[in-house]
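Enquirer: After the structure tokens below, expect a handful of questions from me.
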Amino acid sequence: VDFSKNIIRWYNTHKRDLPWRETSDPYLVWLSEVILQQTRVEQGLPYFHRFVDAFPTVDELAAASEDEVLKHWQGLGYYSRARNLHHAAKEISSRWKGKFPSDYKDILSLKGIGTYTAAAIASFSFNLPHPVIDGNVYRLLSRYFGISSPIDSTNGRKEFSELAHRLIDLEQPAIYNQAIMEFGSLQCKPSSPDCGSCPLMHSCVAFKKGLTGSLPVKSKKMKPSDRYFNYLVILDSENILLNRRVKQDIWKNMYDFPLVESSSELNTTQLLQQDGFRDIFTADSFSFEGQPVRLKHQLTHQTIHASFFRMQSRHHDISITDSMVQEDVSRLSSYAVPRLIEKYLNFLVT
Ligand code: SF4
């Protein structure tokens with residue numbers, strides 16, 4: 001009880017003013033929660049505003065094309081979030097006539113909504129007592145109660161979830177949830193938590209035992225895998241060839257260039273020997289322009305080593321697939337592209 005009271009008291013004096021805190025509209029709460037997964041508040045804020053301006057209601061989001069939705073998401077990464085958002089909006093629009101469901105189970109049934117987001121919407125919008133457990137909450141609970149069960153294990157998750165259910169303030173679940181996340185984010189920070197000014201200091205196990213650096217515990221350390229992308233940047237006077245990523249992979253349905261993936265970095269001679277290259281070029285009437293531009297792009301679980309080979313070619317020698325579009329260079333900005341491609345395009349024009 002003291003724990004909950006303390007963090008709510010702390011929250012009332014330390015909370016940040018964030019636009020989604022001024023509303024209980026479930027659509028806006030949902031949007032903000034999805035944007036903030038894997039994204040810092042400062043980075044997510046402008047996206048939130050742009051998204052709400054473009055799609056002020058669930059129905060308007062449902063009526064948009066996937067291209068439009070992805071375009072507004074461009075640069076935020078984890079594009080499946082945007083596709084799921086769009087899918088769920090259509091479901092709300094058709095199944096609940098645009099009215100956001102208010103039952104926890106119904107919310108949880110929506111595509112892309114897991115227990116965390118469902119609890120956030122249920123509590124912030126409908127004041128239902130479902131505890132949110134995000135990375136901030138895991139960290140705080142693990143340190144304060146001195147729990148060393150791995151937060152990414154099934155048993156650990158269960159233990160933390162039971163504890164969170166016991167702790168939630170049943171009378172003010174919305175404020176309690178906001179408070180515990182904000183506390184974890186601002187006070188009990190991942191590295192160098194602010195223990196000296198912490199109202200929980202005297203009862204915090206990690207502080208008393210000097211364990212703040214070793215809690216929370218994670219069982220697995222995921223090493224990002226390396227992938228080698230060889231992009232063919234094929235220019236033909238003012239036109240450039242784009243490729244829509246239709247396969248089940250990162251950046252699905254966004255645009256990049258015709259791509260040959262390899263198991264290591266390639267030079268032009270090695271590129272020519274790849275089967276994937278011959279699948280694209282049916283004849284030899286092309287030429288390379290200068291050296292490839294190499295850019296490294298870090299995703300959470302993958303490191304992309306990209307090489308951009310700039311080429312001139314006559315397009316009738318290229319096997320154009322349904323996913324490819326030939327576009328005027330000046331119109332590139334209307335396509336949803338991954339940040340890696342955006343970085344290269346900036347490089348191309350400067
Ligand atoms: S005393 Fe330190 S470790 Fe404990 S809850 Fe406060 S900030 Fe976190």
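Enquirer: How big is the accessible area of Thr115 in square angstrom, nearest 10, if you roll a 1.4 angstrom probe over the protein chains?
Expert: Here the residue's solvent-accessible area equals roughly 100 Å².
Enquirer: For region 201-283, what is the accessible area per residue in Å² when the probe is 1.4 Å?
Expert: I get 56 Å² per residue for region 201-283.
Enquirer: While we're on this one: Once the cut-off is 16 Å, how many percent of the Cα-Cα pairs in region 149-212 end up in the long-distance tail?
Expert: 59
Enquirer: A further question on this structure: Give me the angle, in degrees from 0 to 90, between the Cα long axis of helix 135-144 and the longest principal axis of the Cα atoms of the chain, rounded to the nearest 10.
Expert: Rounded to the nearest ten degrees, it is 40.
Enquirer: So what's the angle, to the nearest 10 degrees on a 0 to 90 scale, between helix 339-349 and the longest Cα principal axis of the chain?
Expert: Its long axis makes an angle of about 50 degrees.
Enquirer: Note down the accessible area of Arg16, probe 1.4 Å, to the nearest 10 Å².
Expert: 70
Enquirer: Follow-up. From zero outward in steps of 5 Å, how is the percent of C-alpha pairs of region 1-139 spread across the bins?
Expert: Distribution as computed: 2, 10, 18, 24, 21, 13, 7, 4, 1, 0 percent.
Enquirer: Any idea what the relative contact order of region 70-226 is, in percent, if you count C-alpha pairs under 8 Å spaced at least 6 apart?
Expert: 22
Enquirer: Could you please state how large a percent of the accessible area of region 299-350 is carbon and sulfur, counting protein chains only and using a 1.4 Å probe?
Expert: 50
Enquirer: Something else: Are there any trypsin sites (Lys or Arg not before Pro) in region 216-258 that are in a DSSP loop and have at most 13 other Cβ atoms within 10 Å? List them by number.
Expert: Answer in residue order: Lys218, Lys220, Lys221, Lys247.
Enquirer: Quick one: angle between helix 154-167 and the longest Cα principal axis of the chain, in degrees between 0 and 90, rounded to 10, please.
Expert: Between helix and principal axis, roughly 50 degrees.
Enquirer: Taking amide H positions as placed in the peptide plane 1.01 Å from N, state which residues far from Asp152 in sequence (5 or more) or on other chains have amide H under 5 Å from it.
Expert: Close amide H contacts, sequence-distant or interchain: Ser219.
Enquirer: Considering Cα pairs under 8 angstrom that are at least six residues apart, work out the relative contact order of region 49-156 and quote it in whole percent.
Expert: It rounds to 16 percent for region 49-156.
Enquirer: How much solvent-accessible surface does Val325 expose, in Å² to the nearest 10, with a 1.4 Å probe and all protein chains in place?
Expert: For Val325, the solvent-accessible surface is approximately 50 Å².
Enquirer: Mind pulling the per residue volume of the convex hull built on the Cα atoms of the chain? Å³ is fine.
Expert: About 162 Å³ per residue, rounded to a whole number.
Enquirer: Counting only protein heavy atoms, what percent of the accessible surface of region 4-115 is carbon or sulfur at a 1.4 Å probe?
Expert: Answer for region 4-115 is 50 percent, counting heavy atoms of protein chains only.
Enquirer: With the Cα gyration tensor of region 123-256 in hand, give its eigenvalues times 5 under a square root as the equivalent ellipsoid semi-axes, listed largest first in whole angstrom.
Expert: The three semi-axes for region 123-256 are 42, 20, 15 Å.
Enquirer: Can you pull the percent of region 209-280's accessible area that's carbon plus sulfur, 1.4 Å probe, other chains left in place?
Expert: Whole-percent figure for carbon plus sulfur exposure: 46.
Enquirer: Based solely on its DSSP helices, what 222 nm [θ] is calculated for the chain when runs of n ≥ 4 H residues each add -39,500 (n - 2.57) and the sum is averaged over all residues, nearest 500 deg cm²/dmol?
Expert: Only helices count here, giving -12500 deg cm²/dmol.
Enquirer: Moving on. Rg(Cα) of region 179-320 divided by 2.2 N^0.38 Å?
Expert: Computed over Cα atoms of region 179-320, the ratio equals 1.68.
Enquirer: Please figure out what share of the DSSP beta bridges in the chain is antiparallel and state it in percent, rounded to the nearest 5.
Expert: Bridges in the chain that DSSP calls antiparallel: roughly 70 percent.
The values are calculated or read from the model by the stated rules, or taken from the named source; none is laboratory data. Computed from a predicted model, the values in this text were never measured in an experiment. Counting neighbours? That spans all protein chains shown, and the Cβs are built from the backbone with ideal geometry, glycine included. Accessible surface is based on the protein model in full, side chains and every heavy atom, while ligands, DNA and RNA are left aside. Shrake-Rupley method; radii C 1.70, N 1.55, O 1.52, S 1.80 Å.
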